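Trainee: Okay, here's the structure, questions in a sec.
The values are calculated or read from the model by the stated rules, or taken from the named source; none is laboratory data. Since we're looking at a predicted model, the values are computed, not measured. Cβ: placed from backbone, ideal geometry, glycine included. Neighbour counts: every protein chain shown. Side chains are part of the model used for accessible areas, which takes the heavy atoms of the whole protein and leaves out ligands, DNA and RNA. Shrake-Rupley method; radii C 1.70, N 1.55, O 1.52, S 1.80 Å.
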Amino acid sequence: MEQIVIIQDQNEIEHVLQQSKQFGLIKISTYRYGEFNEEIHLGFLKGCIVLMKSQVLDEFIPLIMRIRRITEIPIILLVETYDSYEAAICIEAGADQYVKYPIHPRDLSARIKAVMRRAGNEKIEEDREKVLYFGEISFYLNREEVYKNKMRIELNGREYAILLFLIKKAGFIVTREELMEVISVYKNRRLIDIYIHSLRHKIEELPNYPKYIKTIKGKGYRFETLVN
């Protein structure tokens with residue numbers, strides 16, 4: 001499902017989009033700057049990012065650049081005061097549009113639809129399959145499919161999201177709390193252990209002695225890329 005992610009200090013933009021009544025089937029998620037984590041919230045995003053500028057430029061540009069390192073989805077930047085010099089810097093950093101706010105709901109909706117449509121067309125034109133290989137495990141990212149010894153592994157949505165996040169952070173420890181964010185579970189930490197147990201039985205030769213998904217005692221899990 002496509003999604004619009006709004007990053008702002010106050011819930012203004014979401015209200016503007018709701019006024020337009022043009023995004024009924026598209027999920028709209030809002031985050032404050034202090035709670036936003038680009039690696040968790042954008043790793044699997046398809047849609048558009050809307051940033052309401054409320055920080056000084058030196059702090060804002062690194063955020064745009066960090067987002068660009070993770071995803072190529074469109075970024076629309078809303079600013080209270082238009083500055084051509086700042087606009088050029090933001091566009092060079094990775095923003096797609098630099099727009100003065102307030103803006104009419106219909107205008108903002110049209111801009112979001114336009115950049116999402118363009119991004120969708122560019123994705124369709126990609127003719128190369130993106131595949132990651134780890135030993136006998138193959139990840140077909142475009143199709144969101146996982147194979148073991150050329151046989152497809154049946155994963156549910158949460159299992160795939162957890163596995164893909166572990167792969168993106170391969171070699172680094174991932175905490176249970178991070179994985180809970182990935183699958184939008186905020187209370188039952190043990191649920192992560194259940195999904196990890198299921199994943200090991202699906203991708204590991206010896207689930208009790210895993211070579212891919214390692215448990216780091218007291219810290220979390222780590223996906224190993226260097227396997228024997």
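Trainee: If you scan the range 150-179, which residues turn out to be at pLDDT 85 or above, out of contact with any Lys or Arg (no Cβ under 9 Å at 6 or more places or on another chain) and over 24 Å from Ile216 (Cβ atoms)?
Mentor: Once the filter is applied, which keeps residues that are at pLDDT 85 or above, out of contact with any Lys or Arg (no Cβ under 9 Å at 6 or more places or on another chain) and over 24 Å from Ile216 (Cβ atoms), the range 150-179 yields Met151, Arg152, Asn156, Gly157.
Trainee: Would you check if Arg200 is open to solvent by 80 Å² or more (accessible area, probe 1.4 Å) and of a type in the set (Lys, Arg)? I'd like the intermediate steps shown before the answer.
Mentor: Values: open to solvent by 80 Å² or more (accessible area, probe 1.4 Å): no; of a type in the set (Lys, Arg): yes.
For Arg200, the condition - open to solvent by 80 Å² or more (accessible area, probe 1.4 Å) and of a type in the set (Lys, Arg) - is not met.
Trainee: Would you check which residues across the range 74-92 are open to solvent by 20 Å² or more (accessible area, probe 1.4 Å) and either of a type outside the set (Ser, Thr, Tyr) or within 23 Å of the chain's Cα centre (by Cα) (or both) and list them? Explain how you work it out, then say what you get.
Mentor: Let us first name the residues in the range 74-92 that are open to solvent by 20 Å² or more (accessible area, probe 1.4 Å), namely 80-86, 88-89, 91-92.
Those that are open to solvent by 20 Å² or more (accessible area, probe 1.4 Å) and either of a type outside the set (Ser, Thr, Tyr) or within 23 Å of the chain's Cα centre (by Cα) (or both): Glu80, Asp83, Glu86, Ala88, Ile89, Ile91, Glu92.
Trainee: Quick check: anything in the range 36-48 β-branched (Val, Ile, Thr) and either in a loop (DSSP other than H, G, I, E, B) or at pLDDT below 80 (or both)? Give the derivation first.
Mentor: Here is the first cut: in the range 36-48, the ones β-branched (Val, Ile, Thr) are 40.
Checking the rest, the ones that are also either in a loop (DSSP other than H, G, I, E, B) or at pLDDT below 80 (or both) come to 40.
Yes: the range 36-48 contains one or more residues that are β-branched (Val, Ile, Thr) and either in a loop (DSSP other than H, G, I, E, B) or at pLDDT below 80 (or both).
Trainee: Now for a separate question. Answer yes if at least one residue in the range 109-128 is modelled with pLDDT of 85 or more, part of a strand (DSSP E or B), open to solvent by 30 Å² or more (accessible area, probe 1.4 Å) and charged (D, E, K, R), and no otherwise.
Mentor: Within the range 109-128, none of the residues are modelled with pLDDT of 85 or more, part of a strand (DSSP E or B), open to solvent by 30 Å² or more (accessible area, probe 1.4 Å) and charged (D, E, K, R).
Trainee: State which residue pairs qualify: first residue aromatic (Phe, Trp, Tyr) and inside the range 5-21, second residue at pLDDT below 75 in any location, beta carbons under 7 Å apart, and separation of 6 or more residues or different chains.
Mentor: Close Cβ pairs satisfying both conditions: none exist.
Trainee: Quick check: anything in the range 73-85 assigned to a helix (DSSP H, G or I), more than 19 Å from Leu17 (Cβ to Cβ), at pLDDT 80 or above and hydroxyl-bearing (Ser, Thr, Tyr)?
Mentor: Let us first name the residues in the range 73-85 that are assigned to a helix (DSSP H, G or I), namely 84-85.
With more than 19 Å from Leu17 (Cβ to Cβ) added as a condition, the list becomes 84-85.
Next, only the ones that are at pLDDT 80 or above stay: 84-85.
Add one more test, that the residue is hydroxyl-bearing (Ser, Thr, Tyr), and what stays is 84-85.
Looking for residues that are assigned to a helix (DSSP H, G or I), more than 19 Å from Leu17 (Cβ to Cβ), at pLDDT 80 or above and hydroxyl-bearing (Ser, Thr, Tyr), one finds at least one in the range 73-85, hence yes.
Trainee: Something else now. Residue check: is Leu191 outside any helix (DSSP H, G or I), among the aliphatic types (A, V, I, L, M) and surrounded by fewer than 16 Cβ atoms within 10 Å (Cβ to Cβ)?
Mentor: Details: outside any helix (DSSP H, G or I): no; among the aliphatic types (A, V, I, L, M): yes; surrounded by fewer than 16 Cβ atoms within 10 Å (Cβ to Cβ): yes.
It is false that Leu191 is outside any helix (DSSP H, G or I), among the aliphatic types (A, V, I, L, M) and surrounded by fewer than 16 Cβ atoms within 10 Å (Cβ to Cβ).
Trainee: Considering only the range 194-228, state which residues are farther than 15 Å from Ile137 by Cβ, assigned to a helix (DSSP H, G or I) and in contact (Cβ under 8 Å) with a residue 12 or more places away in the chain. Steps first, answer last, please.
Mentor: Our first condition is that a residue be farther than 15 Å from Ile137 by Cβ; within the range 194-228, this holds for 194-198, 208-209, 215-222.
Applying the additional criterion that residues be assigned to a helix (DSSP H, G or I) yields 194-198.
Within the range 194-228, Tyr195, Ile196, Ser198 qualify.
Trainee: Only one of Ile183, Ile203 is aliphatic (A, V, I, L, M), over 30 Å from Asp83 (Cβ atoms) and touching a strand residue (DSSP E or B) at 6+ places or on another chain (Cβ under 7 Å); which? Talk me through it step by step, then tell me what you get.
Mentor: Values: Ile183 fails: touching a strand residue (DSSP E or B) at 6+ places or on another chain (Cβ under 7 Å).
Only one candidate passes the filter, namely Ile203.
Trainee: Moving on. Tell me which residues, restricted to the range 150-185, are touching a residue at least 40 places away in the same chain (Cβ under 8 Å), assigned to a loop (DSSP other than H, G, I, E, B) and either of a type outside the set (Phe, Trp, Tyr) or farther than 19 Å from Ile70 by Cβ (or both).
Mentor: Glu154, Leu155, Lys169, Ala170, Gly171, Thr175
Trainee: In this structure, is Ile64 at pLDDT 85 or above, within 21 Å of Cys48 (Cα to Cα), part of a helix (DSSP H, G or I) and more than 22 Å from the chain's Cα centre (by Cα)? Give the steps one after another, and end with the answer.
Mentor: On the way: at pLDDT 85 or above: yes; within 21 Å of Cys48 (Cα to Cα): yes; part of a helix (DSSP H, G or I): yes; more than 22 Å from the chain's Cα centre (by Cα): no.
No.
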